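A.B. asks: First the structure, which I've put down as structure tokens, then a few questions once you've had a look.
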Amino acid sequence: MEVIHKIGRRKTAVARVYVSEGKGNITINKKDLNEYFPTATLQYKVKQPFALTSNDENFDVKVNVYGGGITGQAEAIRLALSRAMCEVDAENRLILKPEGLLTRDPRMVERKKFGQKKARKKFQFSKR
């Protein structure tokens, strides 16, 4: 099996994932998964596509991720890994699709408008 390259995005985070056969090592920006994402919630999000398709120890993953915060980065990696799992085996799509892991979340930060404090918040109005 050759290396599978997929891209996942979430908010402003972009994750490039390289999946190859191996022993289940996940390296993110040249750091171990547990070192890069210290919380168990984020580690679970990254490993979710493997857990659902029962491929926990079958693949080595190398990830380059930049932009956004740690939650956005974890979800971008999850989308890229889900796409990679679909390329490994087409039947994985039937498992991942109902869980919503193949959907690119389109929600982005709304831009700030001029004459306002933030995107929706206004400056305090004074009648007199």
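A.B. asks: Could you state the angle between the C-alpha long axis of helix 70-88 and the longest principal axis of the C-alpha atoms of the chain, as a value from 0 to 90 degrees rounded to the nearest 10?
C.D. replies: That works out to roughly 40 degrees.
A.B. asks: Also, quick follow-up: Report, as a whole number in µm² per second, the diffusion coefficient that Stokes-Einstein gives for the chain at 10 °C and 1.306 mPa s using the Kirkwood radius over alpha carbon pairs.
C.D. replies: 100
A.B. asks: So, in nm, how far is label ASP60 from label GLU2 when the simple model puts each one 7 Å beyond its Cα toward the Cβ?
C.D. replies: Inter-label distance under the simple model: 1.9 nm.
A.B. asks: Relative to the longest principal axis of the chain, what angle (0 to 90°, nearest 10) does the C-alpha long axis of helix 40-52 take?
C.D. replies: With rounding to tens, the tilt is 50 degrees.
A.B. asks: Quick check on the chain: helices-only [θ] at 222 nm, where DSSP H runs of length 4 and up contribute -39,500 (n - 2.57) each and the sum goes over total residues. Nearest 500, please.
C.D. replies: Result for the chain: -10500 deg cm²/dmol, rounded to the nearest 500.
A.B. asks: Quote the relative contact order of the chain in percent (integer), defining contacts as alpha-carbon pairs under 8 Å separated by 6+ residues.
C.D. replies: Dividing the mean separation by the residue count of the chain yields 30 percent.
A.B. asks: Additional query: Taking the Cα centre of the range 51-128 as origin, sum charge times position over the Cβ atoms of Lys and Arg (+1) and Asp and Glu (-1), and report the length of that vector in debye to the nearest 20.
C.D. replies: Magnitude of the dipole: close to 1660 debye.
A.B. asks: Each label point is 7 Å from the Cα along the Cα-to-Cβ direction; what then is the distance between the points at LYS112 and ARG128, in nm?
C.D. replies: 3.3
A.B. asks: If packing is taken as the average count of other Cβ atoms within 10 Å, what order do 115-127, 75-87 fall into, highest mean first?
C.D. replies: Descending mean neighbour count gives 75-87, 115-127.
A.B. asks: For the range 1-46, just list the percent of Cα-Cα distances falling in each 10 Å bin from zero outward, please.
C.D. replies: The distribution over the range 1-46 is 22, 54, 22, 1, given as percents.
A short reminder: the numbers here are calculations on the coordinates, not readings from a lab. Just so it is clear, the model here is predicted, and its values are computed rather than measured. Positions of Cβ are generated from backbone atoms using ideal geometry, with glycine treated the same way; all protein chains shown enter the neighbour counts.
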